[in-house]
1. Any idea which residue in the range 112-160 is surrounded by the fewest Cβ atoms within 10 Å (Cβ to Cβ), counting only those that are without any contact (Cβ under 8 Å) to a residue 12 or more places away in the chain and charged (D, E, K, R)?
2. Looking at the range 81-139 only, could you name the residues that are assigned to a helix (DSSP H, G or I) and farther than 25 Å from GLN46 by Cβ?
3. Check the range 290-299 and report whether any residue there is buried (at least 20 other Cβ atoms within 10 Å of the Cβ), in the same structural domain as ASP352 (by the TED database), assigned to a helix (DSSP H, G or I) and modelled with pLDDT under 95.
4. Which count do you get for residues in the range 339-372 that are surrounded by 10 or more Cβ atoms within 10 Å (Cβ to Cβ) and either over 20 Å from ASN324 (Cα atoms) or in contact with a Phe, Trp or Tyr (Cβ under 9 Å, 6 or more places away or on another chain) (or both)?
5. As an exercise: evaluate ASP283 against (1) within 24 Å of the chain's Cα centre (by Cα); (2) within 25 Å of LYS229 (Cα to Cα); (3) among the acidic types (Asp, Glu) and give the number of the one condition it does not meet.
6. Within the range 259-289, restricting attention to residues that are within 16 Å of LYS198 (Cβ to Cβ) and touching a Ser or Thr at 6+ places or on another chain (Cβ under 9 Å), which residue is surrounded by the fewest Cβ atoms within 10 Å (Cβ to Cβ)?
7. Checking the condition under 30 Å from ASP67 (Cβ atoms), open to solvent by 20 Å² or more (accessible area, probe 1.4 Å) and at pLDDT 90 or above, which residue from LYS222, LYS198, LYS174 passes?
Amino acid sequence: MKLVGIAGSIADQSYNRMLLKFMASHFNSQVDIEILDINDIPMFNQDEDVSQGDAIQYIAKKIQAADGVILAEPEHNHTVTAAMKNLIEWLSYSIHPLDGKPVLIVGASYYTQGSSRAQLHLRQILESPGVNAICLPGNEVLLGNVKGAFDDNGNLKSQGTIDFIGGTLAKFIKFVKVINMIGKQSDDSYEQEDLDAKNPVDTTVTNVEMNAKDWVEQAAVKTNAVDGKAYVKLDRGLLTVDQINYFLNTMPMELTYVDDNNQFIYYNKTMDGKDMLASRTPDQVGDRMTDVHPPRAIKHVKQVIHALREGKSDLISMPVPGNNDTRHVMHYYKAMRDENGRYRGVNEWVLDMWPIIEQYLKQTGKKLVADPNAKVDATAGASEGSDSAKADVDANAGASEDADTTVAPAAPTPDVDANSGASEA
(Lines give C-alpha, C1' and ligand atoms only; values in the text may rest on other atoms or scores of the structure.)
Protein backbone atom coordinates (compact mmCIF):
# COMPACT_ATOMS: atom_id res chain seq x y z
CA MET A 1 0.00 0.00 0.00
CA LYS A 2 1.24 3.47 -0.89
CA LEU A 3 0.55 6.47 1.37
CA VAL A 4 1.81 10.04 1.21
CA GLY A 5 2.59 12.06 4.33
CA ILE A 6 2.41 15.84 4.58
CA ALA A 7 3.46 17.93 7.57
CA GLY A 8 1.66 21.22 8.04
CA SER A 9 4.88 23.06 8.76
CA ILE A 10 7.44 24.69 6.50
CA ALA A 11 9.95 25.23 9.31
CA ASP A 12 13.42 23.77 8.88
CA GLN A 13 13.04 21.83 12.11
CA SER A 14 9.56 20.33 12.44
CA TYR A 15 8.56 17.77 15.03
CA ASN A 16 5.56 16.84 12.92
CA ARG A 17 7.85 16.08 10.00
CA MET A 18 10.00 14.05 12.41
CA LEU A 19 6.89 12.10 13.41
CA LEU A 20 6.12 11.31 9.77
CA LYS A 21 9.71 10.28 9.08
CA PHE A 22 9.65 7.96 12.08
CA MET A 23 6.40 6.38 10.92
CA ALA A 24 7.75 5.94 7.40
CA SER A 25 10.90 4.26 8.70
CA HIS A 26 9.60 2.22 11.61
CA PHE A 27 6.51 0.84 9.87
CA ASN A 28 8.03 0.36 6.40
CA SER A 29 7.26 -3.37 6.51
CA GLN A 30 3.53 -2.56 6.73
CA VAL A 31 3.20 0.35 4.34
CA ASP A 32 5.16 2.63 2.01
CA ILE A 33 4.92 6.25 3.20
CA GLU A 34 6.36 8.97 0.96
CA ILE A 35 6.80 12.34 2.69
CA LEU A 36 6.01 15.39 0.59
CA ASP A 37 7.37 18.92 1.06
CA ILE A 38 5.00 21.90 0.79
CA ASN A 39 7.57 24.70 1.13
CA ASP A 40 7.18 25.77 -2.51
CA ILE A 41 3.38 26.07 -2.48
CA PRO A 42 2.46 29.68 -3.37
CA MET A 43 0.04 31.80 -1.36
CA PHE A 44 -3.55 31.06 -2.35
CA ASN A 45 -5.09 33.76 -4.54
CA GLN A 46 -8.24 32.93 -6.48
CA ASP A 47 -7.54 35.84 -8.84
CA GLU A 48 -4.33 34.12 -9.93
CA ASP A 49 -5.11 30.44 -10.24
CA VAL A 50 -1.80 28.59 -10.45
CA SER A 51 -3.20 25.20 -9.53
CA GLN A 52 -1.88 23.86 -12.83
CA GLY A 53 1.61 24.98 -11.91
CA ASP A 54 4.40 22.54 -11.16
CA ALA A 55 4.43 22.90 -7.35
CA ILE A 56 0.74 22.26 -6.83
CA GLN A 57 0.42 19.67 -9.58
CA TYR A 58 3.30 17.69 -8.07
CA ILE A 59 1.47 17.43 -4.74
CA ALA A 60 -1.90 16.77 -6.40
CA LYS A 61 -0.60 13.96 -8.60
CA LYS A 62 1.18 12.31 -5.68
CA ILE A 63 -2.07 12.37 -3.66
CA GLN A 64 -4.10 11.02 -6.59
CA ALA A 65 -1.65 8.15 -7.10
CA ALA A 66 -1.56 7.23 -3.41
CA ASP A 67 -4.00 4.93 -1.63
CA GLY A 68 -4.31 7.34 1.28
CA VAL A 69 -2.86 10.41 2.97
CA ILE A 70 -1.39 11.07 6.42
CA LEU A 71 -1.48 14.69 7.55
CA ALA A 72 0.74 15.66 10.50
CA GLU A 73 -0.71 18.86 11.89
CA PRO A 74 0.93 21.26 14.37
CA GLU A 75 -1.24 23.64 16.35
CA HIS A 76 -0.81 27.39 15.91
CA ASN A 77 -3.04 29.64 18.02
CA HIS A 78 -5.49 26.78 18.68
CA THR A 79 -5.97 26.07 14.97
CA VAL A 80 -4.35 24.65 11.84
CA THR A 81 -1.20 26.18 10.43
CA ALA A 82 -1.35 28.73 7.63
CA ALA A 83 0.76 26.41 5.46
CA MET A 84 -1.72 23.52 5.76
CA LYS A 85 -4.77 25.73 5.19
CA ASN A 86 -3.06 27.29 2.18
CA LEU A 87 -2.35 23.86 0.68
CA ILE A 88 -5.94 22.70 1.12
CA GLU A 89 -7.25 25.92 -0.45
CA TRP A 90 -5.33 25.06 -3.62
CA LEU A 91 -6.44 21.42 -3.49
CA SER A 92 -10.13 22.35 -3.30
CA TYR A 93 -10.40 25.32 -5.67
CA SER A 94 -10.17 24.11 -9.28
CA ILE A 95 -8.63 20.69 -8.61
CA HIS A 96 -9.85 18.17 -6.04
CA PRO A 97 -7.32 15.37 -5.45
CA LEU A 98 -8.53 14.83 -1.87
CA ASP A 99 -12.11 14.06 -2.97
CA GLY A 100 -12.90 10.56 -1.67
CA LYS A 101 -9.33 10.07 -0.43
CA PRO A 102 -8.87 8.32 2.96
CA VAL A 103 -6.99 10.57 5.41
CA LEU A 104 -5.35 9.89 8.77
CA ILE A 105 -4.64 12.93 10.95
CA VAL A 106 -1.75 12.84 13.42
CA GLY A 107 0.01 15.62 15.26
CA ALA A 108 2.65 16.65 17.76
CA SER A 109 2.98 19.68 20.03
CA TYR A 110 5.06 21.01 22.88
CA TYR A 111 2.32 20.59 25.47
CA THR A 112 0.30 17.73 26.94
CA GLN A 113 -2.81 18.00 24.76
CA GLY A 114 -0.95 17.40 21.55
CA SER A 115 -2.51 19.23 18.61
CA SER A 116 -6.08 18.27 19.55
CA ARG A 117 -7.77 21.55 18.65
CA ALA A 118 -5.91 21.86 15.37
CA GLN A 119 -6.78 18.27 14.48
CA LEU A 120 -10.46 18.89 15.15
CA HIS A 121 -10.33 22.01 12.98
CA LEU A 122 -8.48 20.16 10.22
CA ARG A 123 -11.05 17.35 10.28
CA GLN A 124 -13.84 19.90 9.77
CA ILE A 125 -11.95 21.47 6.85
CA LEU A 126 -11.28 18.12 5.19
CA GLU A 127 -14.96 17.15 5.35
CA SER A 128 -16.17 20.42 3.83
CA PRO A 129 -17.67 20.62 0.32
CA GLY A 130 -14.94 20.94 -2.30
CA VAL A 131 -12.46 18.98 -0.21
CA ASN A 132 -14.56 15.89 0.60
CA ALA A 133 -11.76 13.83 2.08
CA ILE A 134 -12.78 10.80 4.17
CA CYS A 135 -11.10 11.00 7.58
CA LEU A 136 -10.55 7.93 9.73
CA PRO A 137 -13.12 8.36 12.54
CA GLY A 138 -12.66 7.57 16.18
CA ASN A 139 -8.85 7.69 16.27
CA GLU A 140 -6.47 10.46 17.28
CA VAL A 141 -2.69 10.43 17.53
CA LEU A 142 -1.90 13.36 19.84
CA LEU A 143 1.80 13.34 20.66
CA GLY A 144 2.33 15.77 23.53
CA ASN A 145 5.53 17.04 25.20
CA VAL A 146 7.22 16.41 21.88
CA LYS A 147 10.53 18.09 22.77
CA GLY A 148 11.40 15.09 24.90
CA ALA A 149 9.69 12.41 22.81
CA PHE A 150 12.51 11.69 20.33
CA ASP A 151 16.07 10.50 20.86
CA ASP A 152 19.09 11.88 19.01
CA ASN A 153 18.43 9.56 16.07
CA GLY A 154 14.86 10.76 15.53
CA ASN A 155 13.27 7.67 17.08
CA LEU A 156 10.41 7.82 19.57
CA LYS A 157 11.57 6.82 23.04
CA SER A 158 8.34 5.39 24.45
CA GLN A 159 7.43 1.88 23.35
CA GLY A 160 3.86 2.52 24.44
CA THR A 161 3.66 5.49 22.09
CA ILE A 162 5.15 3.43 19.25
CA ASP A 163 2.66 0.63 19.84
CA PHE A 164 -0.26 3.05 19.94
CA ILE A 165 0.76 4.70 16.66
CA GLY A 166 1.30 1.28 15.12
CA GLY A 167 -2.17 0.16 16.14
CA THR A 168 -3.76 3.30 14.74
CA LEU A 169 -1.82 2.93 11.49
CA ALA A 170 -3.00 -0.69 11.18
CA LYS A 171 -6.60 0.49 11.53
CA PHE A 172 -6.03 3.14 8.91
CA ILE A 173 -4.61 0.59 6.47
CA LYS A 174 -7.81 -1.47 6.77
CA PHE A 175 -9.90 1.69 6.50
CA VAL A 176 -8.07 2.64 3.28
CA LYS A 177 -8.70 -0.78 1.76
CA VAL A 178 -12.44 -0.63 2.44
CA ILE A 179 -12.88 3.00 1.32
CA ASN A 180 -10.99 2.36 -1.90
CA MET A 181 -12.92 -0.87 -2.49
CA ILE A 182 -16.16 1.09 -2.38
CA GLY A 183 -14.72 3.92 -4.47
CA LYS A 184 -13.51 1.52 -7.14
CA GLN A 185 -16.70 -0.38 -7.76
CA SER A 186 -16.54 -2.15 -11.09
CA ASP A 187 -19.59 -0.22 -12.25
CA ASP A 188 -21.82 2.62 -11.24
CA SER A 189 -24.82 0.39 -10.71
CA TYR A 190 -25.47 1.99 -7.33
CA GLU A 191 -26.52 5.14 -9.21
CA GLN A 192 -29.73 3.39 -10.23
CA GLU A 193 -30.76 3.28 -6.58
CA ASP A 194 -33.85 5.50 -6.46
CA LEU A 195 -33.86 7.43 -3.18
CA ASP A 196 -36.92 9.39 -4.32
CA ALA A 197 -39.12 6.33 -3.69
CA LYS A 198 -40.71 6.51 -7.15
CA ASN A 199 -41.13 2.75 -7.59
CA PRO A 200 -44.02 1.62 -5.37
CA VAL A 201 -43.84 -1.89 -3.92
CA ASP A 202 -46.68 -4.09 -2.72
CA THR A 203 -46.65 -2.45 0.72
CA THR A 204 -46.47 1.17 -0.47
CA VAL A 205 -49.36 3.34 0.67
CA THR A 206 -50.41 5.24 -2.44
CA ASN A 207 -52.34 8.50 -2.79
CA VAL A 208 -50.78 9.93 0.36
CA GLU A 209 -48.16 12.66 -0.05
CA MET A 210 -44.90 11.23 1.28
CA ASN A 211 -43.79 14.56 2.74
CA ALA A 212 -47.01 15.12 4.63
CA LYS A 213 -46.26 15.89 8.26
CA ASP A 214 -49.16 13.66 9.28
CA TRP A 215 -48.26 10.85 6.87
CA VAL A 216 -48.72 8.20 9.56
CA GLU A 217 -52.24 9.35 10.39
CA GLN A 218 -53.29 9.71 6.73
CA ALA A 219 -51.78 6.36 5.76
CA ALA A 220 -53.46 4.66 8.71
CA VAL A 221 -56.86 5.90 7.58
CA LYS A 222 -56.13 4.94 3.97
CA THR A 223 -55.22 1.36 4.90
CA ASN A 224 -57.72 0.87 7.72
CA ALA A 225 -54.75 0.14 9.96
CA VAL A 226 -55.48 -1.40 13.33
CA ASP A 227 -54.30 0.29 16.50
CA GLY A 228 -54.63 0.25 20.25
CA LYS A 229 -55.87 -3.08 21.61
CA ALA A 230 -56.31 -4.77 18.22
CA TYR A 231 -54.27 -7.97 18.03
CA VAL A 232 -51.56 -8.65 15.45
CA LYS A 233 -50.46 -12.21 14.73
CA LEU A 234 -46.69 -12.27 14.40
CA ASP A 235 -44.32 -15.04 13.36
CA ARG A 236 -44.04 -16.38 16.89
CA GLY A 237 -46.36 -14.25 18.95
CA LEU A 238 -49.68 -12.52 19.34
CA LEU A 239 -49.51 -8.91 20.51
CA THR A 240 -51.77 -5.90 20.49
CA VAL A 241 -50.60 -2.83 18.62
CA ASP A 242 -50.10 -1.12 21.98
CA GLN A 243 -47.91 -3.99 23.15
CA ILE A 244 -45.82 -3.82 19.98
CA ASN A 245 -45.26 -0.10 20.60
CA TYR A 246 -44.35 -0.73 24.26
CA PHE A 247 -41.94 -3.42 23.16
CA LEU A 248 -40.22 -1.44 20.41
CA ASN A 249 -40.08 1.85 22.30
CA THR A 250 -38.21 0.22 25.20
CA MET A 251 -35.54 -1.34 23.01
CA PRO A 252 -32.06 -0.26 24.23
CA MET A 253 -31.27 1.12 20.78
CA GLU A 254 -32.75 3.38 18.15
CA LEU A 255 -34.47 1.49 15.32
CA THR A 256 -35.37 2.68 11.83
CA TYR A 257 -37.23 0.92 9.03
CA VAL A 258 -36.62 1.99 5.41
CA ASP A 259 -38.68 -0.08 2.98
CA ASP A 260 -37.62 -1.51 -0.38
CA ASN A 261 -38.97 1.60 -2.13
CA ASN A 262 -36.48 3.68 -0.09
CA GLN A 263 -39.22 5.32 1.94
CA PHE A 264 -38.59 6.04 5.63
CA ILE A 265 -41.64 4.45 7.26
CA TYR A 266 -40.85 3.85 10.95
CA TYR A 267 -38.65 4.64 13.93
CA ASN A 268 -39.08 3.73 17.57
CA LYS A 269 -39.68 7.03 19.31
CA THR A 270 -37.87 6.49 22.59
CA MET A 271 -37.31 10.20 23.30
CA ASP A 272 -37.38 13.62 21.68
CA GLY A 273 -35.29 13.95 18.54
CA LYS A 274 -32.85 16.41 20.11
CA ASP A 275 -31.93 13.82 22.74
CA MET A 276 -31.50 10.87 20.35
CA LEU A 277 -28.18 9.50 19.17
CA ALA A 278 -29.49 9.95 15.61
CA SER A 279 -32.10 12.68 15.61
CA ARG A 280 -35.47 11.87 14.04
CA THR A 281 -38.79 13.68 14.27
CA PRO A 282 -42.35 12.34 13.88
CA ASP A 283 -43.08 14.49 10.81
CA GLN A 284 -40.22 12.82 8.88
CA VAL A 285 -41.93 9.42 8.83
CA GLY A 286 -43.13 8.74 5.31
CA ASP A 287 -40.40 10.87 3.70
CA ARG A 288 -38.23 9.79 0.79
CA MET A 289 -34.61 8.97 1.54
CA THR A 290 -33.53 12.03 -0.44
CA ASP A 291 -35.47 14.18 2.01
CA VAL A 292 -33.81 12.86 5.15
CA HIS A 293 -30.17 13.09 4.07
CA PRO A 294 -28.10 16.12 3.06
CA PRO A 295 -26.95 16.23 -0.60
CA ARG A 296 -23.35 15.46 0.36
CA ALA A 297 -24.41 12.05 1.67
CA ILE A 298 -26.65 10.92 -1.18
CA LYS A 299 -23.96 9.11 -3.18
CA HIS A 300 -22.88 7.02 -0.23
CA VAL A 301 -26.42 6.31 0.94
CA LYS A 302 -27.03 4.89 -2.52
CA GLN A 303 -23.89 2.77 -2.25
CA VAL A 304 -24.92 1.33 1.11
CA ILE A 305 -28.51 0.55 0.11
CA HIS A 306 -27.44 -0.87 -3.25
CA ALA A 307 -24.88 -3.14 -1.58
CA LEU A 308 -27.60 -4.45 0.75
CA ARG A 309 -30.24 -4.76 -1.96
CA GLU A 310 -27.93 -6.67 -4.32
CA GLY A 311 -26.58 -8.93 -1.60
CA LYS A 312 -23.03 -7.58 -1.94
CA SER A 313 -23.13 -7.13 1.81
CA ASP A 314 -25.65 -8.23 4.40
CA LEU A 315 -24.51 -5.95 7.23
CA ILE A 316 -22.78 -2.57 7.11
CA SER A 317 -21.51 -0.94 10.28
CA MET A 318 -19.82 2.32 11.11
CA PRO A 319 -19.06 4.54 14.11
CA VAL A 320 -20.00 8.21 14.25
CA PRO A 321 -17.34 10.93 14.58
CA GLY A 322 -16.82 12.17 18.12
CA ASN A 323 -16.61 8.84 19.94
CA ASN A 324 -14.43 8.99 23.03
CA ASP A 325 -13.64 7.26 26.31
CA THR A 326 -17.27 7.44 27.52
CA ARG A 327 -19.15 7.06 24.24
CA HIS A 328 -18.93 4.66 21.31
CA VAL A 329 -21.96 5.09 19.07
CA MET A 330 -22.34 2.64 16.21
CA HIS A 331 -24.71 2.60 13.24
CA TYR A 332 -25.68 -0.77 11.77
CA TYR A 333 -27.52 -1.37 8.50
CA LYS A 334 -28.99 -4.82 7.98
CA ALA A 335 -30.72 -6.02 4.81
CA MET A 336 -34.22 -7.36 5.49
CA ARG A 337 -35.56 -10.16 3.28
CA ASP A 338 -38.84 -12.07 3.14
CA GLU A 339 -39.34 -15.83 3.26
CA ASN A 340 -38.41 -16.03 -0.44
CA GLY A 341 -35.19 -14.07 -0.06
CA ARG A 342 -36.62 -10.91 -1.66
CA TYR A 343 -35.11 -7.66 -0.37
CA ARG A 344 -37.65 -5.78 1.76
CA GLY A 345 -35.66 -2.85 3.08
CA VAL A 346 -33.10 -1.76 5.67
CA ASN A 347 -33.16 -2.36 9.40
CA GLU A 348 -30.97 0.35 10.90
CA TRP A 349 -30.11 0.40 14.57
CA VAL A 350 -28.04 2.95 16.46
CA LEU A 351 -26.41 1.97 19.72
CA ASP A 352 -24.01 3.48 22.22
CA MET A 353 -21.89 0.45 23.05
CA TRP A 354 -19.97 2.06 25.90
CA PRO A 355 -22.53 1.52 28.73
CA ILE A 356 -22.53 -2.20 27.87
CA ILE A 357 -18.74 -2.35 27.84
CA GLU A 358 -18.53 -0.31 31.06
CA GLN A 359 -20.95 -2.65 32.86
CA TYR A 360 -18.99 -5.68 31.68
CA LEU A 361 -15.74 -4.19 33.00
CA LYS A 362 -17.31 -3.43 36.38
CA GLN A 363 -18.81 -6.90 36.75
CA THR A 364 -15.68 -8.77 35.69
CA GLY A 365 -13.01 -6.52 37.18
CA LYS A 366 -11.29 -6.39 33.84
CA LYS A 367 -9.93 -3.35 31.99
CA LEU A 368 -9.29 -2.25 28.43
CA VAL A 369 -5.71 -2.01 27.25
CA ALA A 370 -4.28 -1.35 23.82
CA ASP A 371 -3.18 -4.45 21.93
CA PRO A 372 -0.18 -3.56 19.75
CA ASN A 373 -0.70 -6.73 17.71
CA ALA A 374 -4.43 -6.24 17.17
CA LYS A 375 -5.61 -7.28 13.72
CA VAL A 376 -9.24 -6.27 14.22
CA ASP A 377 -10.38 -2.90 12.87
CA ALA A 378 -12.08 -2.02 16.12
CA THR A 379 -13.06 1.61 15.52
CA ALA A 380 -12.86 2.30 11.81
CA GLY A 381 -16.33 0.85 11.39
CA ALA A 382 -15.68 -1.49 8.52
CA SER A 383 -14.25 -4.91 8.14
CA GLU A 384 -12.77 -6.56 5.11
CA GLY A 385 -15.12 -9.49 5.50
CA SER A 386 -18.11 -10.13 3.32
CA ASP A 387 -20.59 -9.17 6.02
CA SER A 388 -19.48 -5.59 6.54
CA ALA A 389 -18.41 -2.60 4.48
CA LYS A 390 -17.63 1.06 5.08
CA ALA A 391 -19.27 4.02 3.42
CA ASP A 392 -19.11 7.72 4.15
CA VAL A 393 -22.75 7.98 5.05
CA ASP A 394 -24.20 10.97 6.88
CA ALA A 395 -23.31 10.61 10.54
CA ASN A 396 -26.96 10.54 11.62
CA ALA A 397 -27.51 7.88 9.00
CA GLY A 398 -31.21 7.78 8.63
CA ALA A 399 -33.74 10.46 9.18
CA SER A 400 -31.57 13.35 10.26
CA GLU A 401 -30.71 16.19 7.93
CA ASP A 402 -27.48 17.07 9.64
CA ALA A 403 -25.01 15.61 12.06
CA ASP A 404 -24.69 17.17 15.50
CA THR A 405 -21.62 15.58 16.96
CA THR A 406 -19.76 16.86 19.99
CA VAL A 407 -16.18 15.83 20.57
CA ALA A 408 -15.41 15.45 24.25
CA PRO A 409 -11.96 16.34 25.60
CA ALA A 410 -9.44 13.58 25.17
CA ALA A 411 -8.39 11.73 28.30
CA PRO A 412 -4.63 11.95 28.97
CA THR A 413 -2.70 8.74 28.49
CA PRO A 414 1.02 8.03 28.76
CA ASP A 415 2.96 9.92 26.07
CA VAL A 416 -0.01 10.14 23.71
CA ASP A 417 -3.15 12.20 24.26
CA ALA A 418 -5.78 10.07 22.58
CA ASN A 419 -9.40 9.17 22.99
CA SER A 420 -9.37 5.77 21.39
CA GLY A 421 -7.32 2.64 21.70
CA ALA A 422 -5.73 3.64 24.98
CA SER A 423 -5.73 1.89 28.33
CA GLU A 424 -8.88 2.23 30.39
CA ALA A 425 -7.02 2.14 33.65
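1. Among them, the one singled out is ASP152.
2. SER116, ARG117, GLN119, LEU120
3. yes
4. 13
5. Failing condition for ASP283: (1).
6. Here the residue is ASP259.
7. That would be LYS174, the only listed residue that is under 30 Å from ASP67 (Cβ atoms), open to solvent by 20 Å² or more (accessible area, probe 1.4 Å) and at pLDDT 90 or above.
Conditions tested, residue by residue: (1) modelled with pLDDT of 95 or more; (2) outside the structural domain of PRO74 (by the TED database); (3) more than 26 Å from ILE162 (Cβ to Cβ); (4) surrounded by 16 or more Cβ atoms within 10 Å (Cβ to Cβ).
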position	(1), (2), (3), (4)
LEU19	no, no, no, yes
PHE22	no, no, no, yes
SER25	no, no, no, no
ASN39	no, no, yes, no
ASP47	no, no, yes, no
ALA55	no, no, yes, yes
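The values are calculated or read from the model by the stated rules, or taken from the named source; none is laboratory data. Computed from a predicted model, the values in this text were never measured in an experiment. Please note: Cβ atoms are built from the backbone with ideal geometry, for glycine as well, and neighbour counts cover all protein chains shown. Surface areas here come from the heavy atoms of the whole protein model, side chains and all, with no ligands, DNA or RNA. Shrake-Rupley method; radii C 1.70, N 1.55, O 1.52, S 1.80 Å.
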